[in-house]
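To start, the structure itself, in structure tokens.
The values are calculated or read from the model by the stated rules, or taken from the named source; none is laboratory data. Just so you know, these numbers come straight off a predicted model, no measurement behind them. Cβ coordinates were reconstructed from backbone atoms using ideal geometry, including for glycine residues, and neighbour counts include every protein chain displayed. Please note that ligands, DNA and RNA were not included when accessible areas were found on the heavy atoms of the full protein model with its side chains. Shrake-Rupley method; radii C 1.70, N 1.55, O 1.52, S 1.80 Å.
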Amino acid sequence: MTQPPDQPPQGGFGPPQDQSPQGGGFGPPQSPPAQGGFGAPQGAPGTPAPQPGPGYGYPQQPGPYGAAPGAQGASPGPYGYPQQGPYAPQPGYGYPQQPQYAGTPGTEPGGRSRLKGRPAVIIGAAVAALLVIGGTVFAVTGGGDGGGKKKPVAQKSGDSKPSASMPVNPGDGSGDGGSDPDNLNDGRKPGEAKVLWYKSAPDAPGSGADAPGMWITDKTAVKAAYKQVFGFRVGNGKPAWSPVDFPQKICAVTPRPSADDKVVVAYMNGVSDNAKCNQLQQLDLNTGEKGWSAEVADGGLFDSALNVELTISGKTLMVGRTESGTAYDIDSGKKLYDKEKYGNACFPAAFAGTPSKLIQVASCGAGGSDEHDEISELDPATGKVKWTQPVKKGWKVERTYSLSPLVVYLTNEDKNAWNISTLTKDGKFRSQVVVDEKFGPQCGWALLQRDLQGCQGVVVRDGMLYLPTDAKGGANEIVAISLATGKAAWRVKSPADEPMAPMKVKGGKLIAYVQPSYDTGGQVVSIPTTGSSHKVTKLLQNPSGTAEIENDFFDGAVDWVDGRFYISSTRLNGNDQSKEKLMMAFGN
């Protein structure tokens, strides 16, 4: 039901109504996932360990969506199986009659770690010290980029395919020449890929340091860390432009760039305990040029800009505070509108954007009998509400796995439950995942904001949801789930005794990353998304000589672009003796 702009939805509030149990037959609840490893939900510091869900047997308390056996969730405490569906009814709004399965944990605190036996890292925590950059980039076997110190806009990229013909470049602007001090390509076995280039991590605070964001364009691989943003040529790691310096530490970035490769970086306005994450700077990924800058104003009493969430939708940058949002024109920095409290004490709590869609999640009636979340689609240019869908009391919208179509992950702490649902373009419930499985996408810890778009290892494309199963310390599977039915269409097992996770769909094939073992490098593989055969084909085998390094990337960001595999750390450990890497590129 379409809602008038900035008005609360009609009906659907209050506690959910139970219904008689539906027929069951799903398997028993599973034990809590183990700490560490790919996809294992990690508890936030100070939170209790996940506890087992309800006992064996059929769901005991189905609601309008039915009950659900399946996996434990993980945010921000122990989540088990949903007992009721999360959406509040509206006039004419129906519910499916089959039993519900909650789907997948959002791995809220921590998410998967690419470290074997090392703790996952809290991503984006406001209390974490951030990285001081001064490291060196080494182009081990770079691509033909032509370069020197000239700005990339004055040269041809020449980067479309990886190559091993160029000499080593220290990556600090000093030109060609030098050697690979770590000998990363020595002893490569037949069939193994090359390390095209890498950036060694510099000294970081002993408590660790954040290094948020990784953006890959046709020309540049861009990485933010502490008070700087760096751009490297994709083929050989040479500097694409001089590092962009900020006066204080970077505290937020837009996870995806605009259509013309612009991002916005937020940084602190000081170093005191009261410093705010309220300074905005637009940046061109291809040239490194700074665009407009702005300061984010505080909202109400409990709505300061101590921490912000940034998302781009079309030509709009949305800056989310804890209880409101402010929209800016991404090209000029002009303020467009504010999204503030509306209706029955509803406060915008989080935003998520794509080039064509902007989603708002609001928290309503806090502490009251009708406390609940609401999901709305906004016109990115004007902020006008297109539709609003209430969520039942007790259910919290934690993540968006996709916006087109809208696929959301919800939790219910009181019921020890979680749910994955797909909504129509008009905001109506379409389907929910009914697969009896434990899943493990990588999702960072959201400290103050919900970080709706903070998950890796989950892909939605062409009516299918691709999720990795919980690894349990070894091989796992990727399950393809129909968004029309919520049922599994097919599944495929990891080709190694290590977990894998989807990265993207390209050319009708699912591209996935298989983690390294202690002595074998990771893999990039492809899986046909249509037809009867879903055979795994290896696209890239990373060298065994860098397996330990590859394992050492804390919750690493990964991407596969033009035949190259990029991995970068989003968190450094601060150990001066570890010689850890900030970013690496592999190719054949």
* Asked: For the range 289-322, which residues satisfy the criterion of being under 22 Å from the mean Cα position of the chain (by Cα), under 22 Å from T354 (Cα atoms) and not hydroxyl-bearing (S, T, Y)?
  -> N307, V308, E309, L310, I312, G314, K315, L317, M318, V319, G320, R321
* Asked: Considering only the range 494-515, how many residues are crowded, with 23+ Cβ neighbours inside 10 Å and more than 21 Å from F554 (Cα to Cα)?
  -> 2
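For the range 472-491, what are the residues that are open to solvent by 40 Å² or more (accessible area, probe 1.4 Å) and outside any loop (DSSP other than H, G, I, E, B)?
E477, A488, A489, R491
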* Structure fact -> Across (1) among the aliphatic types (A, V, I, L, M); (2) more than 22 Å from L452 (Cα to Cα); (3) part of a loop (DSSP other than H, G, I, E, B), A305 clears everything bar (2)
* To do: Those residues that are not acidic (D, E) and not in a strand (DSSP E or B), I need them from the range 340-358; list them, please.
  => K341, G343, N344, A345, T354, P355, S356, K357
* the range 245-270: number of residues that are exposed (fewer than 15 other Cβ atoms within 10 Å of the Cβ) and closer than 16 Å to Q228 by Cα -> 3
* Asked: So which pairs qualify, if the first residue must be in the range 193-221 and under 23 Å from D261 (Cα atoms) and touching a residue at least 60 places away in the same chain (Cβ under 8 Å), the second must be assigned to a strand (DSSP E or B) and small (G, A, S), the Cβ gap must be under 6 Å, and the two must be at least 6 apart or on different chains?
  -> W197/A585; A211/A225; P212/A224; G213/A224; M214/A557; M214/S568; T220/G231; T220/A240
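Determine, yes or no, whether I549 is at pLDDT 95 or above and touching a Phe, Trp or Tyr at 6+ places or on another chain (Cβ under 9 Å). Can you show your working first?
Numbers: at pLDDT 95 or above: no; touching a Phe, Trp or Tyr at 6+ places or on another chain (Cβ under 9 Å): yes.
It is false that I549 is at pLDDT 95 or above and touching a Phe, Trp or Tyr at 6+ places or on another chain (Cβ under 9 Å).
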* Go through the range 196-248 and give me each residue that's over 24 Å from P543 (Cα atoms), of a type in the set (S, T, Y) and not in a loop (DSSP other than H, G, I, E, B). => S242
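Has the range 461-471 got any residue that is open to solvent by less than 20 Å² (accessible area, probe 1.4 Å) and part of a loop (DSSP other than H, G, I, E, B)?
To start, the set of residues in the range 461-471 that are open to solvent by less than 20 Å² (accessible area, probe 1.4 Å) comprises 465-471.
Restricting the remaining residues to those that are part of a loop (DSSP other than H, G, I, E, B) gives 470-471.
Yes, there is a match, as at least one residue in the range 461-471 is open to solvent by less than 20 Å² (accessible area, probe 1.4 Å) and part of a loop (DSSP other than H, G, I, E, B).
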* **the range 261-282 residues that are touching a residue at least 12 places away in the same chain (Cβ under 8 Å) and among the acidic types (D, E), paired with ones that are open to solvent by 20 Å² or more (accessible area, probe 1.4 Å) and not in a loop (DSSP other than H, G, I, E, B) (beta carbon under 8 Å, 6 or more apart)** => D261/D284
* Just give me the residues in the range 548-573 being surrounded by fewer than 19 Cβ atoms within 10 Å (Cβ to Cβ) and farther than 20 Å from F232 by Cα, in sequence order. => E548
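Residues G333, G365: which one is of a type outside the set (D, E, K, R) and closer than 30 Å to K219 by Cβ? Write out each step before concluding.
Values: G365 fails: closer than 30 Å to K219 by Cβ.
Sole residue among the options that is of a type outside the set (D, E, K, R) and closer than 30 Å to K219 by Cβ: G333.
When the residues of the range 308-339 are filtered to those that are assigned to a loop (DSSP other than H, G, I, E, B) and of a type in the set (D, E, K, R), which remaining residue is least open to solvent (accessible area, probe 1.4 Å)?
Initially, the range 308-339 is screened for residues assigned to a loop (DSSP other than H, G, I, E, B), giving 308, 314-315, 321-324, 330-334.
Still in the list and also of a type in the set (D, E, K, R): 315, 321, 323, 331, 334.
On the way: K315: 114, R321: 11, E323: 57, D331: 75, K334: 132 Å².
So the residue we want is R321.
Among the residues of the range 388-405, how many are of a type in the set (K, R) and buried (at least 24 other Cβ atoms within 10 Å of the Cβ)?
Residues that pass the stated criteria total 2.
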* In the range 350-364, how many are among the small types (G, A, S) and open to solvent by 10 Å² or more (accessible area, probe 1.4 Å)? -> 2
